[in-house]
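Chemist: If you scroll down you'll find the structure; I have some questions about it.
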Amino acid sequence: MMFCLPEWGLFDFIARVEEFLEFVIKSLVDAPDEVVIVKREIDHKIIFTVQVNPGDVGKIIGKQGLTIEAIRSVLAAGAARHGLKATFELV
């Protein structure tokens with residue numbers, strides 16, 4: 001199946017999603033210089049692996065996991081509009 005994105009190409013879309021994720025994560029943590037994001041593409045799914053300072057993990061997860069779930073929901077919704085699936089893992 002080919003993806004057709006009228007305004008920008010698929011790779012541009014993925015780059016924008018990665019840029020958004022980096023902005024959000026770095027805004028939440030105390031050590032933004034230690035944030036590392038690795039992107040993997042498997043079939044029609046994009047998985048972002050996010051590594052942060054161990055002291056910042058709780059800030060990404062949030063109370064009762066609400067922050068991490070909200071970020072995942074935004075990623076999934078944006079990707080779904082283009083026929084993709086996207087999520088991120090915190091390591």
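The values are calculated or read from the model by the stated rules, or taken from the named source; none is laboratory data. Predicted model only: the values in this text are computed from it and were never measured. Using ideal geometry, Cβ is built from the backbone for each residue, glycine included, and neighbour counts are taken over all protein chains shown.
Chemist: Within region 76-86, identify whether any single residue is touching a helix residue (DSSP H, G or I) at 6+ places or on another chain (Cβ under 7 Å), free of Cβ contacts under 8 Å to residues at least 60 places away in the same chain and under 12 Å from VAL17 (Cβ atoms), and answer yes or no.
Modeler: yes
Chemist: May I pose another question? Which of the residues spanning region 23-57 are hydrophobic (A, V, I, L, M, F, W, C), out of contact with any helix residue (DSSP H, G or I) (no Cβ under 8 Å at 6 or more places or on another chain) and within 11 Å of GLU89 (Cα to Cα)?
Modeler: VAL38, ILE47, listed by residue number.
Chemist: Could you count how many residues in region 57-73 are under 14 Å from SER27 (Cβ atoms) and in contact (Cβ under 8 Å) with a residue 24 or more places away in the chain?
Modeler: Matching residues across region 57-73 total 4.
Chemist: Does region 46-66 hold any residues that are among the polar types (S, T, N, Q) and under 12 Å from the mean Cα position of the chain (by Cα), and which are they?
Modeler: Of everything in region 46-66, those that are among the polar types (S, T, N, Q) and under 12 Å from the mean Cα position of the chain (by Cα) turn out to be THR49, GLN51.
Residues checked against (1) modelled with pLDDT of 95 or more; (2) surrounded by 14 or more Cβ atoms within 10 Å (Cβ to Cβ):
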site	(1), (2)
PRO6	no, no
ASP30	yes, no
ASP33	yes, no
ARG40	no, no
ASN53	yes, yes
GLY62	yes, yes
ALA70	yes, no
GLY83	no, no
VAL91	no, no
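Chemist: If I ask for residues that are under 21 Å from ILE14 (Cβ atoms) and of a type in the set (D, E, K, R), which ones from region 57-86 would you list?
Modeler: Across region 57-86, the qualifying residues are ARG72, ARG81, LYS85.
Chemist: Name the residues in region 39-56 that are in contact (Cβ under 8 Å) with a residue 24 or more places away in the chain and within 15 Å of LEU21 (Cα to Cα), would you?
Modeler: LYS39, ILE46, ILE47, PHE48, THR49, VAL50, GLN51, VAL52
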